[in-house]
Amino acid sequence: MPAARAAFERAGVSCDVVLTERPRHAEQIVRERATEYDAIFTLGGDGTAMEAASALAELSLASPPPLGVLAGGTGNLLARALGIPLNPRRAVPMLLRGELLRIDLGRIDTLEPARHFAVAAGVGIDAAMVAETPSWLKRRLGVLAYTITATRAALRAVLRRQFIRVRLTVDGEVFETAAAAVMIANFGAVLNDRITFGPGIRSDDGVLDACLYSPRNLRDALRIMWRLLRKNFASDEAMLYRSGRRIRIETSPPCLAQADGELLGMTPLEISVQPHAVQLLVPRQPRRRGRRRSDV
């Protein structure tokens with residue numbers, strides 16, 4: 001926090017600091033005070049950023065203030081997806097001189113109150129990764145801790161054939177299969193574009209993208225990972241993609257779900273898209289033909 005405050009001071013920007021004291025406190029703060037400011041910044045993990053984004057998305061304002069995300073957590077999925085430097089000394093001036101990006105949000109309607117996500121929600125390997133990564137390992141290794149745990153969860157699922165039976169419904173179209181993971185993606189790539197979930201996924205197109213991964217053996221699992229790393233989404237019986245506005249995930253047995261690195265509880269999940277729900281401050285990008293702004 002001292003580094004972030006110093007960065008605002010160097011830029012000549014007045015900044016009030018309000019500390020969160022409990023879960024969902026950031027939501028309350030933003031709802032009560034958003035109209036007092038030209039912009040709102042969060043310094044914390046993805047959970048804090050999404051609490052603020054949720055509050056802004058639900059405000060009945062013609063022009064709510066934009067949100068700047070400063071990385072202060074372990075995964076920092078949203079900051080990485082937006083190309084925001086993890087060091088606040090660099091991030092603050094880049095965002096103050098940056099541009100505005102309006103993105104969709106996913107909304108998990110089965111939770112009370114409803115929860116939003118920006119990057120992705122899912123069940124299977126990704127939820128196991130979030131649940132099983134110990135705090136001490138996250139403090140020591142950062143995002144690498146998630147990579148280690150995800151690899152272990154993937155190998156366990158494939159080698160022991162610990163798949164989940166999934167019934168996936170996308171805008172009324174139903175798919176049923178055994179799967180290792182189901183991702184509902186809003187951003188197409190994570191970890192500085194190292195891993196891409198699927199083809200043509202954009203954060204501003206008014207739909208969410210269901211990505212279902214169903215390896216039968218280790219060879220399938222390795223092929224899926226290679227394709228995600230290489231952005232090769234040719235037809236593959238172990239990978240299914242569908243876009244839609246309303247998505248339902250049912251599993252047998254019920255299993256743990258996550259959204260943007262935060263555990264949600266158990267399936268089933270009803271998910272809808274909230275188009276152009278929030279406006280973000282992002283680093284200014286050079287304009288290139290064919291570049292999609294949402295895939296940074």
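None of the figures in this text is laboratory data; all of them are computed from the coordinates on show. Please read these numbers as outputs of a predicted model, since none were measured by experiment. Every residue, glycine as well, gets a Cβ built from its backbone with ideal geometry; the counts of neighbours run over all protein chains shown.
Values computed for the structure shown
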item: Degrees between helix 46-58 axis and first principal axis of the chain (Cα, 0 to 90, nearest 10); result: 70
item: Only Lys, Arg (+1) and Asp, Glu (-1) charged, at Cβ; the range 201-264 dipole about Cα centre in debye; result: 260
item: Signed unit charges on C-beta, dipole axis of the range 81-176, positive-most listed residue 149, 118, 170; result: 149
item: Relative contact order (%) - criterion: Cα under 8 Å, at least six apart; region: the chain; result: 24
item: For the range 142-154, Karplus couplings with θ = phi - 60° (6.51, -1.76, 1.60), whole Hz, Gly/Pro x; result: x, 5, 4, 4, 5, 4, 5, 5, 5, 4, 5, 5, 5
item: The range 3-9 - phi-based ³J(HN,Hα) in whole Hz, Karplus 6.51/-1.76/1.60, Gly and Pro as x; result: 5, 5, 4, 4, 5, 5, 4
item: C-alpha center-to-center spacing [the range 221-288, the range 153-199] in angstrom; result: 8
item: Estimated FRET transfer efficiency (residue 173, residue 204; beta-carbon r; R0 30 Å; 0.05); result: 0.80
item: ³J(HN,Hα) computed for each position of the range 129-140 - Karplus, 6.51 cos²θ - 1.76 cosθ + 1.60, integer Hz, glycine/proline x; result: 4, 5, 6, 9, 7, x, 4, 5, 6, 5, 5, 7
item: Listed residues 68, 229, 215: farthest to the positive end of the dipole of the chain (Cβ charges); result: 229
item: Protection-proxy order for peptides 64-77, 3-16, each taking the mean of Cβ atoms within 10 Å per residue, highest first; result: 64-77, 3-16
item: DSSP-assigned coil residues among GluC sites (Glu not before Pro) in the range 193-296, each with at most 11 further Cβ atoms within 10 Å; result: 237
